[in-house]
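Colleague: One structure follows; several queries about it will come next.
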Ligand code: JFZ
């Protein structure tokens, strides 16, 4: 476990230990945009503005939403934590905020979803996170910039010169509510800073606008263990690369970095009815493995529909990934990057003396792994704990009984000239196990 604790994180800045263990989180984007059903940025993409957007508030009625069902399904799919959009850029609060009328308790739903979510996910043993948008396109004091839905509306801009002092006070107040009224919150996920954007007639916003330092102090005084992501523009917190995969282990010197790949199922975060760009269950599983092999977490997003249900495609993908996780969880949870380099088309994850080889394509019968020779005490497939034979410098593992081991021996003789002393030659069955990604577990010698 020493490997896991060895990560780079400031002192007195919450406790990310659970985060480094859990590795697999569920992101939930839900809001009025779920009713528009064409991306969570619809308000600004189509420059709809506050008045035009009102119909989504008036008709909002997620009548089938049951937070306990969400939590049970999340657990079954193998997620260990979740992050719900308490408020997205549109400014609509999913909790009963005292600071605004623009909230879910004022819609047909009539209840406090954040409360229901926190209780339900906690009851299933998951860590609980909240996403909070620093941007608020509904608030009259929020200074219009190049991302704002009213950016081309002269009249709106004239009547709303912006008062970021007042907006920021409101925004800090909402964060205070979330960290005061719902018990322990494990993770607060801010979104986002864009101080370096310049549209000519407006500029982006960052730590000065949000009063990030002050906000951070307040948060840590309310919830000392909470962890924050890196979008407050303060240069600290959980790294959150979005919709792309890092191409190297995120190691800073010898220590692991604390980071999380945020991925969608179809390219949109909010429910996007007509979008067919779904990743396959295999792709999603490989994204998770690839991330953990680089020492990161994966925060995988779903966008429930406007009745509060998960669509069939989401259920299908998470069902398949969940089945893989049921069998292969030990190759993900508590694991991080390995000191060894994986062979082609494969990834290593490691947890102490357990080294996991995730095979992205199934090799024919043999696999040569450098630098592992002499280090392995036992090897097995994870999906069924069936023994896998190998050859290292001391010869073939186990007794040579079957004709299949004879194959390995012949192979050893054939490749002898290429067989480095410190390599491990693994003998695989010809039949690929029928799982999304087969994994071999090597138990290393002490
Ligand atoms: C943000 C949100 O805008 C988006 O809707 C979603 O919630 C996602 C998880 O986070 O996406 C971003 C954030 C920052 C940039 C672009 C998209 N950026 O800095 O260019």
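Colleague: Can you pull out every residue in segment 236-249 that is closer than 17 Å to residue 187 by Cα, within 16 Å of the ligand (Cβ to nearest atom) and either surrounded by fewer than 20 Cβ atoms within 10 Å (Cβ to Cβ) or at pLDDT 95 or above (or both)?
Modeller: The answer is 239, 240, 241.
Colleague: Please specify each residue of segment 145-172 satisfying the condition of being in contact (Cβ under 8 Å) with a residue 60 or more places away in the chain and surrounded by 15 or more Cβ atoms within 10 Å (Cβ to Cβ).
Modeller: Those that are in contact (Cβ under 8 Å) with a residue 60 or more places away in the chain and surrounded by 15 or more Cβ atoms within 10 Å (Cβ to Cβ): 145, 147, 148, 149, 150, 151, 153, 156, 170.
Colleague: Does segment 41-52 contain at least one residue that is crowded, with 17+ Cβ neighbours inside 10 Å and in contact with a strand residue (DSSP E or B) (Cβ under 9 Å, 6 or more places away or on another chain)?
Modeller: Within segment 41-52 (the criterion being crowded, with 17+ Cβ neighbours inside 10 Å and in contact with a strand residue (DSSP E or B) (Cβ under 9 Å, 6 or more places away or on another chain)), the answer is no, since none of the residues qualifies.
Colleague: Inspect segment 122-134 for any residue being assigned to a loop (DSSP other than H, G, I, E, B) and within 16 Å of the ligand (Cβ to nearest atom) and give the result as yes or no.
Modeller: Yes; the residues of segment 122-134 include at least one that is assigned to a loop (DSSP other than H, G, I, E, B) and within 16 Å of the ligand (Cβ to nearest atom).
Colleague: Right, something else. Would you pick out the residues in segment 294-315 that are at pLDDT below 95 and away from the ligand (no atom under 16 Å from the Cβ)?
Modeller: Correct list: 294, 295.
Colleague: Tell me the helices (runs of 4 or more DSSP H) entirely within segment 135-235 that contain at least 2 residues that are within 16 Å of the ligand (Cβ to nearest atom) and either at pLDDT 95 or above or touching a helix residue (DSSP H, G or I) at 6+ places or on another chain (Cβ under 7 Å) (or both).
Modeller: 207-210
Colleague: Go through segment 74-108 and give me each residue that's in a loop (DSSP other than H, G, I, E, B) and either within 16 Å of the ligand (Cβ to nearest atom) or within 26 Å of the chain's Cα centre (by Cα) (or both).
Modeller: Answer for segment 74-108, where residues must be in a loop (DSSP other than H, G, I, E, B) and either within 16 Å of the ligand (Cβ to nearest atom) or within 26 Å of the chain's Cα centre (by Cα) (or both): 77, 78, 79, 80, 88, 89, 90, 91, 92, 94, 95.
Residues checked against (1) out of contact with any helix residue (DSSP H, G or I) (no Cβ under 7 Å at 6 or more places or on another chain); (2) at pLDDT below 95:
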| residue | (1), (2) |
| --- | --- |
| 12 | yes, yes |
| 21 | no, no |
| 33 | no, no |
| 39 | no, no |
| 56 | no, no |
| 62 | yes, no |
| 72 | yes, no |
| 84 | no, no |
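Colleague: Another question about this same structure. If the Cβ limit is 7 Å and pairs must be 6+ apart or interchain, which residue in segment 194-206 that is in contact (Cβ under 8 Å) with a residue 60 or more places away in the chain and over 18 Å from residue 216 (Cα atoms) pairs with which residue that is within 11 Å of the ligand (Cβ to nearest atom) and part of a loop (DSSP other than H, G, I, E, B)?
Modeller: Pairs that qualify, where the first residue is in contact (Cβ under 8 Å) with a residue 60 or more places away in the chain and over 18 Å from residue 216 (Cα atoms) and the partner is within 11 Å of the ligand (Cβ to nearest atom) and part of a loop (DSSP other than H, G, I, E, B): there are none.
Colleague: Filter segment 156-191 for residues that are at positive phi and over 25 Å from the mean Cα position of the chain (by Cα) and give the result.
Modeller: 162
Colleague: Still on this structure, please answer the following. Could we say that residue 415 is in contact with a helix residue (DSSP H, G or I) (Cβ under 7 Å, 6 or more places away or on another chain) and at pLDDT below 90 here?
Modeller: It is false that residue 415 is in contact with a helix residue (DSSP H, G or I) (Cβ under 7 Å, 6 or more places away or on another chain) and at pLDDT below 90.
The values are calculated or read from the model by the stated rules, or taken from the named source; none is laboratory data. Source: prediction; values computed, not measured. We place every Cβ from the backbone using ideal geometry, glycine too, and count neighbours over all the protein chains shown.
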